[in-house]
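I have placed the structure first, in the form of C-alpha cells, so that the comments after it can refer back to it.
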Amino acid sequence: MKCTRIIGGGLVMTALVIGGCRDHQATPVLHSGSEEGLLARPAATEALVALRSAPARAPAEPASCGEGMALVEGKYCPDVRLNCKKYLDPEGRYQYFRCAEYGPSTCLSKERRALRFCIDKREFTEQGETLPANHRSWRDGDRSCKKLGKRMCLESEYNFACEGENMQPYPYGFTRDATACNADRDDVVSAAGTLRDLRAPSGSYERCMSPFGVADLAGNLEEFVTIDRSTPARPAMKGSYWQPGRNFCRAAQTAHDMYYNGTETGFRCCSEAN
C-alpha cells in the first residue's frame, strides 16, 4: 500500500507499506519544480546557485538606426589623395577615368573628422517595386526622404560609407573589378542614341558592398547627395551608374541642378544616429 501525506511547504511524505499507513515509515519526496527539489538533485544545485547569483540583465539598447539602414561611424578624412598605379584606358579623353589598381590612399587633412550617421543600405525603391527608382531629381529625393523622417545624404557621408576608414577607392577594395558592381557596361547606348535602362535590383551585386555593409555605392544608379556646407543646398551626383566611368567612391558629378533627372538618376536617404 502506498501512503502519502502533505506536511506543508510543498513537502510530501510517501511510504509503501503492508497493512496500513504509518508515518514513521514515510520517505520524503520533493517536488521537482520547487527550489527544494532542485537542491535535492546535486546536478541542479550548481545551476540554481548560479541563477540566484547572476546579475540582472540590462535592458536592450535601442537600435541606432532605423530598419534597412546601416550605422556608419568612424574618423573621416576630408582631403584624400588616391594613388593610382595603373589605368585601364589608352591615352585620350578618358585616359584617367578608370584606375585598374590603386596603392594605399593618403590623407592630406591635418586631422580627421568624427562621423556617426545612418544611411540606407539600398538605393531608394518604391514599395512593391523590384528596381530602384530612377528619373528622380535632387528635389524628388529631398521630398521623399523627408516624408520618411530622413534627409538627403551629404557628399562626405556618401564618401565615408563607401570607402571606410582605410579610404579604399572602390567599395570593395583597391583593385577594380568589372563584375563586382553594375558598372563598366559597354552597351549603355541604344541604336537610337539614347541611354539604355540597365538598372539592377539594389543589393543584387553581392560583392558591391562597402566596409559598412552598404550596397551599390558604385555603379547601378547615379545618386544625388548634398554638397557639404553648401548654402543654399547644391546637389552632386555619386556612383557613376552602369557606364564605364570613374565609379570610385570620391568621384562626383556637379554639372546638374536640383531639378535634373534621367534614366540613370536616383538617391538614398540618411539620418542622424540615435
Check your understanding: Which numbered condition trips up residue 213, out of (1) farther than 17 Å from residue 249 by Cβ; (2) exposed (fewer than 15 other Cβ atoms within 10 Å of the Cβ); (3) out of contact with any Lys or Arg (no Cβ under 6 Å at 6 or more places or on another chain)?
Key -> (1)
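If you check 163, 222, which single one turns out to be of a type in the set (Asp, Glu), under 28 Å from residue 258 (Cβ atoms), surrounded by 15 or more Cβ atoms within 10 Å (Cβ to Cβ) and under 16 Å from the mean Cα position of the chain (by Cα)? Quick ask: steps written out before the conclusion?
Values: 222 fails: under 16 Å from the mean Cα position of the chain (by Cα).
Being of a type in the set (Asp, Glu), under 28 Å from residue 258 (Cβ atoms), surrounded by 15 or more Cβ atoms within 10 Å (Cβ to Cβ) and under 16 Å from the mean Cα position of the chain (by Cα) holds for just one of 163, 222, which is 163.
Can you find even one residue in the range 239-249 that is among the charged types (D, E, K, R) and at pLDDT below 95?
Of the residues in the range 239-249, the ones among the charged types (D, E, K, R) are 246.
From what's left, at pLDDT below 95: 246.
There is at least one residue in the range 239-249 that is among the charged types (D, E, K, R) and at pLDDT below 95.
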Check your understanding: Which of the residues spanning the range 198-219 are more than 20 Å from residue 142 (Cα to Cα) and polar (S, T, N, Q)?
Key -> 204, 210
Exercise for review: Kindly list, by first and then second residue, each pair from a residue in the range 200-213 that is without any contact (Cβ under 8 Å) to a residue 60 or more places away in the chain to a residue that is among the charged types (D, E, K, R), limited to pairs with Cβ atoms under 8 Å and residues at least 6 apart or on different chains.
Suggested key: 205/216; 207/177; 208/216; 210/163; 211/163; 211/165
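The values are calculated or read from the model by the stated rules, or taken from the named source; none is laboratory data. Being a predicted model, the structure only gives us computed values, none of them experimental. When we count neighbours, we look across all protein chains shown, and the Cβ atoms used for this are built from the backbone with ideal geometry, even at glycine.
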